[in-house]
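A short write-up of the structure that comes next.
The values are calculated or read from the model by the stated rules, or taken from the named source; none is laboratory data. Note that the structure is a prediction, hence the values are computed from the model and not measured. Positions of Cβ are backbone-derived with ideal geometry, glycine not excepted, and every protein chain shown enters the neighbour counts.
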C-alpha cells in the first residue's frame, strides 16, 4: 500500500524565516513525488515534481529514498506563501495509476 | 481551454436524496478522478477512470457511483446522500496514466452539504 504522511497540520512562520514542510512516504516500488498547493479561493495546483529537481517560487524539495522523505523547503518565507500544501505520491508499479495525497499542511506566514 | 470544470459549485441535500456532480475536461485526458477533501483528512480518492468505459474504486468509494461514457465527462453520483458525505468534492484529470512528469489538473470543487 502507498501512504503519505504530513505530520504538521498547521505551521506558522515569520516572514523572512526559513520554511520546511515535512513529507514522508511509504511505497514498495520506485516513488514519484509531487507537491501541490492550494491558495485561498484557488484551485489545487502542482507546485513541483521530484523528477524535475526545480525551484518554483523559491521552493525546493529533494527526494531522500533512504529516509523516505520529500520535504518542501524555502529559505525565506513570503506572505504570499500562505496556503494549504499537499504532498502526493504516485509510483512505478505496474497498474498503479493512483495519486495518493497526504493530509496537508496549512502554512501561515506571519508578517 | 476551460480545463476541468465542475457543476454545481454549491449544493445542499437532504438525507436520502440523490444527485450527480458533473465533471468535464477539454484536454483529451485519459485519466480522471474524484476526490473528497475533509478537514484533517486531506484529499481522499473516491473513484478513478483510466479511459472511457473503464472505472475503478479508490480509497473511499462507498455511497458513490461513477461512469465514463466519454473521454470528456466523469460524473459522480450519490445514490442516497448521508450527512457523512458533507464535503468538498474535487474532480481531476491527467494526460497520461502515470509517470513522474504527469501533472494532475483539478477542477474548482463542489461544496456539498447533506442535512
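One residue stands out in the range B:75-94 among those that are farther than 21 Å from residue A:38 by Cβ and assigned to a loop (DSSP other than H, G, I, E, B): the one that is farthest from the other protein chains (Cβ to nearest Cβ), namely B:80. When you check residue A:92 against the structure, is it in contact with a strand residue (DSSP E or B) (Cβ under 9 Å, 6 or more places away or on another chain), at the interface with another protein chain (Cβ under 10 Å from one of its Cβ atoms) and either at pLDDT below 95 or within 20 Å of residue B:45 (Cα to Cα) (or both), yes or no? Yes.
What tally of residues in the range B:30-61 results from selecting those that are part of a strand (DSSP E or B), more than 8 Å from every other protein chain (Cβ to nearest Cβ) and under 17 Å from residue B:111 (Cβ atoms)? So that I can check it myself, show each step before the final result.
So the first thing to find is which residues in the range B:30-61 are part of a strand (DSSP E or B), and the list is B:31-38, B:42-51, B:54-57.
Going one step further and asking which of them are more than 8 Å from every other protein chain (Cβ to nearest Cβ), we end up with B:32, B:34, B:36-38, B:46-47, B:49, B:51, B:54-57.
From the residues that got through so far, the ones that are under 17 Å from residue B:111 (Cβ atoms) too are B:34, B:36-38, B:46.
Matching residues across the range B:30-61 total 5.
Candidates A:11, A:72, A:33, A:44: the one that is closer than 17 Å to residue B:43 by Cβ and more than 12 Å from chain B (Cβ to nearest Cβ) is A:72.
Against the list (1) in contact (Cβ under 8 Å) with a residue 24 or more places away in the chain; (2) farther than 15 Å from residue A:98 by Cβ; (3) touching a strand residue (DSSP E or B) at 6+ places or on another chain (Cβ under 7 Å), the condition residue B:65 fails is (1).
Against the condition away from every other protein chain (no Cβ under 12 Å), at pLDDT 90 or above and either buried (at least 20 other Cβ atoms within 10 Å of the Cβ) or within 29 Å of residue A:7 (Cα to Cα) (or both), how does residue B:110 come out, does it pass? For residue B:110, the condition - away from every other protein chain (no Cβ under 12 Å), at pLDDT 90 or above and either buried (at least 20 other Cβ atoms within 10 Å of the Cβ) or within 29 Å of residue A:7 (Cα to Cα) (or both) - is met.
For the structure I just gave you, tell me whether residue A:38 is under 26 Å from residue B:36 (Cα atoms), within 13 Å of chain B (Cβ to nearest Cβ) and either modelled with pLDDT of 95 or more or crowded, with 20+ Cβ neighbours inside 10 Å (or both). Taking the combined requirement at face value, the residue satisfies it. Restricting the first member to the range B:25-51 and to residues that are without any contact (Cβ under 8 Å) to a residue 60 or more places away in the chain and on the phi > 0 side of the Ramachandran plot, and the second to residues that are part of a strand (DSSP E or B) and surrounded by 14 or more Cβ atoms within 10 Å (Cβ to Cβ), the beta-carbon pairs closer than 7 Å and six or more apart or on different chains are B:42/A:86; B:42/A:101. Of all residues in the range A:54-74, those being in contact (Cβ under 8 Å) with a residue 24 or more places away in the chain, over 12 Å from the mean Cα position of the chain (by Cα) and within 18 Å of residue A:84 (Cα to Cα) number 1.
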